[in-house]
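The values are calculated or read from the model by the stated rules, or taken from the named source; none is laboratory data. Here the structure is a predicted model, which means the values were calculated and not measured. Counting neighbours? That spans all protein chains shown, and the Cβs are built from the backbone with ideal geometry, glycine included.
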Amino acid sequence: MKFKTLIFISLGLIFAATVQAQEADVIDEIVVTGSKQTDPAMSAWLAGDYETAEIEFDRNAFCALRVERNFRSGLEDARESTIRSNTTADAVSVPNPSGGPGAGAGITVSTAPPTAPSVSLNSTDFQKSEAKNRRTCENRGYQMYMKGMSQLKLGKMAEAKETLSRATKINRTIFDAHFRLSLMEYQEGDIKNANKEFNALKKIATKCKRCEAKEEIEAQVNYLESLLK
């Protein structure tokens, strides 16, 4: 259903270049290292059906969240099971009462501890179940990011801004989301927050010494640097 590759999606979105209403076309690409999706969400996006894409990417994000929650729940169950097993093992090691005169001190008699109950981490099973419905249940930050991109295409600027912000909180390395948020803040005249997103992008750039998206990130940094100086 998916294979590792680079995803190149032309966007051709237009942003204002100056506060004085001078316009510049910012035509860039999403370049994300990850799994290429062939699910309903990406199919809708590629077909230009952004209303469906918004809905489907949102469902993907929720599915990924359920997988994360199931996995954490499984880990917690496993931890509690181990604690119960250790407690039971301690309980079955009881002291042997002292014998009559001449008998030694109490001797500990240990019995074999019971086998700890097995715990199944069911996130994989859940993910396989959803895969049958061609739903992508991984990389929640990316699903949220693509939902935001769909909203941008639909002209839902306020909603897109909120969604892209959520995406960066889930996954701080989604550089294109920081780039777009910086541009949106700049358009709204909020230079402080525009610089905040710009700084987040620069931090990603400093860590991207040999990453696949190095050129794209540097191009975005250079663009914002000239815009915000």
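Right, residue 201: touching a Leu at 6+ places or on another chain (Cβ under 9 Å) and over 24 Å from residue 58 (Cβ atoms) or not?
So residue 201 fits the description; yes.
Just one of the numbered conditions (1) buried (at least 17 other Cβ atoms within 10 Å of the Cβ); (2) modelled with pLDDT of 95 or more; (3) under 19 Å from the mean Cα position of the chain (by Cα) is not true of residue 127; which one?
It fails just one condition, (2).
So is residue 69 of a type outside the set (Val, Ile, Thr), out of contact with any helix residue (DSSP H, G or I) (no Cβ under 7 Å at 6 or more places or on another chain) and at pLDDT below 95 or not?
yes
Restrict the check to segment 132-140 and report whether at least one residue is surrounded by 15 or more Cβ atoms within 10 Å (Cβ to Cβ) and either of a type in the set (Gly, Ala, Ser) or modelled with pLDDT under 60 (or both).
No, segment 132-140 contains no residue that is surrounded by 15 or more Cβ atoms within 10 Å (Cβ to Cβ) and either of a type in the set (Gly, Ala, Ser) or modelled with pLDDT under 60 (or both).
For the subset of segment 178-227 comprising residues that are among the polar types (S, T, N, Q) and loosely packed, with under 14 Cβ neighbours inside 10 Å, which member is farthest from residue 157 (Cα to Cα)?
Step one: of segment 178-227, the residues among the polar types (S, T, N, Q) are 182, 187, 193, 195, 199, 206, 220, 222, 226.
Checking the rest, the ones that are also loosely packed, with under 14 Cβ neighbours inside 10 Å come to 199, 206, 222, 226.
Numbers: 199: 22, 206: 29, 222: 24, 226: 24 Å.
My answer is 206.
Take the residues of segment 46-67 that are touching a residue at least 60 places away in the same chain (Cβ under 8 Å) and more than 14 Å from residue 149 (Cβ to Cβ): which is surrounded by the most Cβ atoms within 10 Å (Cβ to Cβ)?
Here the answer is 64.
Residues are listed down the side, and each one gets a yes or a no for (1) within 25 Å of residue 37 (Cα to Cα); (2) among the β-branched types (Val, Ile, Thr); (3) over 22 Å from the mean Cα position of the chain (by Cα):
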{"site": "148", "(1), (2), (3)": "yes, no, no"}
{"site": "175", "(1), (2), (3)": "yes, no, no"}
{"site": "179", "(1), (2), (3)": "yes, no, no"}
{"site": "182", "(1), (2), (3)": "no, no, no"}
{"site": "186", "(1), (2), (3)": "no, no, yes"}
{"site": "193", "(1), (2), (3)": "no, no, yes"}
{"site": "207", "(1), (2), (3)": "no, no, no"}
{"site": "216", "(1), (2), (3)": "yes, no, no"}
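Of everything in segment 156-177 that's basic (Lys, Arg) and surrounded by 15 or more Cβ atoms within 10 Å (Cβ to Cβ), which residue is farthest from residue 140 (Cα to Cα)?
156
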